[in-house]
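The values are calculated or read from the model by the stated rules, or taken from the named source; none is laboratory data. Given the structure is predicted, the values throughout are model-derived calculations rather than measurements. Backbone-built Cβ (ideal geometry, glycine too); neighbour counts: all protein chains shown. Remember, those area values only see protein heavy atoms, side chains included, never the ligands or the DNA or RNA. Shrake-Rupley method; radii C 1.70, N 1.55, O 1.52, S 1.80 Å.
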Amino acid sequence: MSIISLIIKREFIAKVSNKSFIVMTFISPLLFVGIAVFVGYLSSMKADIKKIAIHDETRLFISEFKSNDQYKYLDLSATNLATIKDSLIKESYEGLIYIPKVSQTKALENQIQYISNDSPSISFIEDVETIIAKKITRDNFQVAKLDTTAIKKAEAQVSLNLKKASGEDSLKGLNEIKIAIGGAFGYLIMMFIVIYGNMVMRSVIEEKTNRIIEIIISSVKPFQLMMGKIIGTSLAGILQFFIWAIIGFTLMISASLFFGVNLGPTSQLPPEMMQTAQQEFAGIAQMYIKELWNLPIATILISFIIYFIGGYFLYSSFYAAIGAAVDNETDSQQFLLPIIMPLILGVYIGFFTVMNDPHGTIATVFSMIPLTSPIVMLMRIPFGVPWWQIVISMTILFSTFFFVVWFAAKIYRVGILMYGKKPTWRELYKWLKY
């Protein structure tokens, strides 16, 4: 058995036999489920109803404000304005809408005030502006002697029917579904890189601090040790992800069976309308399923595995080199930011650029850059990417990996036996030239 395979076996067994690894492997899915349930419970809770005072000197807008489950509007037009402001200071009301008396309602466009101790939300401001604007608009129509009923009837409601070039019907929201699928795979890669890359770095720092590395390095080449740690840790991580997938799939099936058995129909619609609604929903769902099956599923899965391996090996080489260069995790922080930034950049490029222009210059370029391609290219593939672009991107990724391994091994070889001194970027450059 080769030396690297022995190191891989040693690292793998050391990781999977660790108590924290075993505990987190089985506890983490439950924690995620618990957090999801807790967040869902919090989102279902209704917030306290906020009281909004209205002092309308025109008496034209009171009837326009309708209370709901978020805001309760109170007509305090007969109350002295100074008294209401004192109540605001005592926090009896969330805020005050003050509408002054004017000769023409059009003059109110820039004179209405909202007075409060705290800044209101943008949605609340827009709702109030919309309510007042509609009322002023109706008054303007009446002043101009326009038929408001005819105008309302003349308003058009446009809904686009999406069609493919082949003539088949298309669906709305497919781009969002595609970016969600690609984003999920890209996020898994980023999470795996950060979690297990740090694990590689901590393993190197631990052995270096305990001086075990001095014994190991006497019979093993630094390059072999570094590659063994990277591969052994990655295998442990893949095993953990595989267990998570099984537990998550089991929990999902159990939840669907539980809710499917215990939840009955809650709709109050008549049977005929209910049946029609169910048929329409089934038809739309079938169309979405058909569109999802038309996605390049095989390409997505194969690319995920390849980018998963290439991206992890590339970044783990950086993590291993940093672990060899420092004596503790605190000293490593100055070197970690340049590594994490490309991952964050890849996520932002994916969600803000790929979704709007998956085949544009920015998305294409960043899907070729090896530090961002594992995330950006996976987000592009559901939109359909030419095979030659995927091949070029993968070739650049693995070529960069071999290059990074070469110079990371040089830092690893020198730094692994350096103690008691915080390295600088200049010293790392000297080690590369050594």
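For the range 32-48, the set of residues classified as out of contact with any helix residue (DSSP H, G or I) (no Cβ under 9 Å at 6 or more places or on another chain) and either modelled with pLDDT of 85 or more or part of a helix (DSSP H, G or I) (or both) consists of Gly34, Ile35, Ala36, Val37, Phe38, Val39, Gly40, Tyr41, Leu42, Ser43, Ser44, listed by residue number.
Across the range 299-321, not a single residue is classified as open to solvent by 50 Å² or more (accessible area, probe 1.4 Å) and at pLDDT below 85.
Contact map, the range 127-156: first residue closer than 20 Å to Ile112 by Cβ, second residue of a type in the set (Asp, Glu), Cβ cut-off under 6 Å, separation 6 or more or different chains; pairs are Ile131/Glu64; Lys135/Glu64. Could you tell me how many of the residues in the range 317-343 are over 23 Å from the mean Cα position of the chain (by Cα) and part of a helix (DSSP H, G or I)? Going through the range 317-343 one residue at a time, the tally reaches 16.
Here the condition is being touching a residue at least 60 places away in the same chain (Cβ under 8 Å) and surrounded by 10 or more Cβ atoms within 10 Å (Cβ to Cβ); of Thr58, Thr25, it holds for Thr25 alone. For the residues Lys19, Lys101, the requirement of being within 30 Å of Leu239 (Cβ to Cβ) and open to solvent by 50 Å² or more (accessible area, probe 1.4 Å) singles out Lys19. Residues in the range 376-392 that are crowded, with 18+ Cβ neighbours inside 10 Å and either of a type in the set (Val, Ile, Thr) or within 13 Å of Phe308 (Cα to Cα) (or both): Val376, Met377, Leu378, Ile381, Val385, Ile390. If I filter the range 349-368 for residues that are of a type outside the set (A, V, I, L, M, F, W, C), touching a residue at least 60 places away in the same chain (Cβ under 8 Å) and surrounded by fewer than 22 Cβ atoms within 10 Å (Cβ to Cβ), do I get at least one hit? Scanning the range 349-368 turns up no residue that is of a type outside the set (A, V, I, L, M, F, W, C), touching a residue at least 60 places away in the same chain (Cβ under 8 Å) and surrounded by fewer than 22 Cβ atoms within 10 Å (Cβ to Cβ). In summary, Gly346 fulfils each of the numbered conditions (1) within 22 Å of the chain's Cα centre (by Cα); (2) surrounded by fewer than 23 Cβ atoms within 10 Å (Cβ to Cβ) with the single exception of condition (2).
The set of residues from the range 393-412 being among the small types (Gly, Ala, Ser) and open to solvent by 10 Å² or more (accessible area, probe 1.4 Å) comprises Ser399, Ala409. Taken as a whole, the structure places Ser77 among residues that are surrounded by 13 or more Cβ atoms within 10 Å (Cβ to Cβ), at pLDDT 85 or above and of a type outside the set (A, V, I, L, M). Working only within the range 361-409, note down all residues that are within 22 Å of Leu174 (Cα to Cα), among the hydrophobic types (A, V, I, L, M, F, W, C) and not in a helix (DSSP H, G or I). Within the range 361-409, Val385 is the sole residue that qualifies. So, Ser67, is that one in contact with a strand residue (DSSP E or B) (Cβ under 6 Å, 6 or more places away or on another chain) and either of a type in the set (Gly, Ala, Ser) or open to solvent by less than 40 Å² (accessible area, probe 1.4 Å) (or both) or not? Yes, satisfied.
Residue check: Pro100 meets all listed conditions (1) at pLDDT 85 or above; (2) farther than 25 Å from Val143 by Cβ but one, namely (2).
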